[in-house]
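Take a look at the structure below.
Each reported figure results from applying straightforward, stated rules to the coordinates on display, with no laboratory input. Since we're looking at a predicted model, the values are computed, not measured. Cβ sites come from the backbone with ideal geometry, for glycine too, and all protein chains shown count toward neighbours.
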């Protein structure tokens, strides 16, 4: 362990598409899932993360390194998170929310969820279906009834012509 | 992309406004069932209460609508009068006396029909409940409270009603405790006659909840001379009581509220020949010796408020500044504690302005 040897311990994480990543243990244990593995002594070799692909894991590790380099200052951490998420597209955010959930990283989870919610503001029903790959399982009658019940919420919605 | 599990959906959706959520019920059956579920409704409410940017100020209007305004974005930083008020339709049953607001719900008592209306204007749903008070005996509402108390998380309405029994000219005083959402009819309403203490109450007002007890400031008609007391009603024990106001203050007019977790009073006090506003707080609950003066509100307010006005504490901001409504001018004011000065949030305010969060809570 790092504390005993005095040198930083490095962990090797493996994505589900077999990419390998080296990351400092002190940053990686922001993930409760990884921390539990380390504490259980299962982190000796390569840590397989079966639910995260390489592209997403690379992003998450960038975040882990970035946020753990900031001393305990909630304001600075928050502005780092905002900046980190500001250039991510919707698909990346959706992958990251799943990864953050799997890795049990509450701070990233909260930030990504909030960011996705912010993107969803004033969006149309069609936009949500398309972006989240959701199939409409209402019959036309059922859908008309649900829409009718909340008719006023369809006012002031962004038009549905964006990709 | 992968389907998201329910807990992730809940996390994401809890960051959305009520209007967006109601619209997204049309996306698919799964989202509809998540958004309609009690677990999500509570999560969304909890998140709204703990997120300052979602705190709004609610103002009834005399016409057919309610207005709400986002406090932090629209009013802070010189919103002036170019404020983006959001208008919510007012249900036609929501008439009469404003009883209170809690968790996005608004409660009214129609004193002509003696019916309570609890409405969620963001959902556009409301519910009415007949009080079954005999109108022949001229019932009059003395004071009221609506809210949720944390011990059982149930919404409750408390009403103090004066009526005559038709036999004598002596009025009777009753406390009504109503649980408008209770499924159990026998515990939904409880009424008890209160002894002469209620005669003291001269001042109509909305109660303040603290430690499971509702407080009203009242003027002691028996003692006369500047004597205010706090009348209390314990929601658990269903018992009435009294708490003293600061000793030796000559109060011309006072309002109560909660500042920093303590019962507090904004008193218009005679000092020498003129009256000024002072904020007092009861450091130790129920201990009258612990009343402590927090500050004066008189500094540099001459142009904005007059000592003859009535102020009401709407709420306290995260920075500890006081939001106040006033009459006869319908301003909404903020008292910046650090700078010791008043600013006008809007001159288009309302006496019954209240802190408010939108919610999915179904009345």
*State, to one decimal in nm, how far the label point of residue A:87 lies from the label point of residue A:119, with both points 7 Å from Cα in the Cβ direction.*
1.6 nm
*Spin-label point model (7 Å from Cα, Cβ direction): what's the residue A:18 to residue B:211 distance in nm?*
6.8 nm
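Going by average Cβ density within 10 Å per residue, which order do the peptides B:252-260, B:127-135 take, highest to lowest?
B:252-260, B:127-135
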*Acute angle (nearest 10 degrees) that the helix A:140-149 long axis makes with the longest principal axis of chain A, alpha-carbon atoms*: 90 degrees
*Calculate the length of the line joining the C-alpha centroid of the stretch B:114-143 to that of the stretch B:227-278, in whole Å.*
28 Å
*What residues from the stretch B:17-51 fall in the zone where the backbone N is under 14 Å from a label point 7 Å along the Cα-to-C-beta line of residue A:136?*
B:24-29
*Going by average Cβ neighbours within 10 Å, how do the peptides B:148-156, A:60-68 rank, with the highest at the top?*
A:60-68, B:148-156
_Most fluctuating residue given options B:311, B:109, B:123, as computed from a GNM of chain B linking Cα atoms under 10 Å_ = B:123
_Exercise: per-residue mean of other protein chain Cβ atoms within 10 Å, A:144-153_ = 5
_If R₀ is 22 angstrom, what is the calculated FRET efficiency for the pair residue A:32 and residue A:10, using the beta carbon separation as r and rounding to 0.05?_
0.70
*Surface/4 estimate of mean projected area, convex hull on alpha-carbon atoms of chain A, nm²*: 12.6 nm²
*Return the single residue from B:107, B:236, B:262 with maximal mean-square fluctuation; model: Gaussian network over chain B, springs between Cα atoms under 10 Å.*
B:236
*asked:* Taking the number of other C-beta atoms within 10 Å as the exposure measure, put B:90, B:188 in order starting with the fewest.
replied: B:188, B:90
*What average count of beta carbons from other chains do you get within 10 Å of the Cβ of residues in A:91-104?*
2
_Distance (nanometres) between label positions extended 7 Å along Cα→Cβ at residue A:74 and residue B:247_ = 4.0 nm
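With 10 angstrom as the radius, rank B:11, A:158, A:74 by how many other C-beta atoms surround their C-beta, starting from the fewest.
A:74, A:158, B:11
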_Length added when fully stretched, residue B:237-residue B:288, from 0.36 nm per residue minus Cα-Cα_ = 16.2 nm
*Can you give the average number of partner chain beta-carbon atoms within 10 Å of each beta-carbon in peptide A:114-120, as a whole number?*
5
*Within the protein assembly as shown, what percent of beta bridges assigned by DSSP are antiparallel, to the nearest 5?*
95 percent
*Where is the GNM fluctuation largest for chain B (alpha-carbon springs, 10 angstrom cutoff): B:64, B:284, B:339?*
B:339
_Directionally averaged shadow of chain B, computed from the convex hull of its alpha-carbon atoms, nm²_ = 20.8 nm²
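What percent do you get for the relative contact order of chain B when only Cα pairs under 8 Å and 6+ apart count?
Relative contact order, chain B: 14 percent.
Suppose only helical runs count, i.e. DSSP H with n ≥ 4. What mean residue ellipticity at 222 nm does that imply for the protein assembly as shown under -39500 (n - 2.57) per run, divided by all residues and rounded to the nearest 500 deg cm²/dmol?
-7000 deg cm²/dmol
What percent antiparallel are the DSSP beta bridges of chain A, to the nearest 5? Could the numbers behind the result be given before it?
On the way: 5 of 8 bridges.
If we restrict to bridges inside chain A, about 60 percent are antiparallel.
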*Round to the nearest 0.05 the FRET efficiency obtained for residue A:106 and residue B:164 when R0 = 56 Å and r is the Cβ-Cβ distance.*
0.40
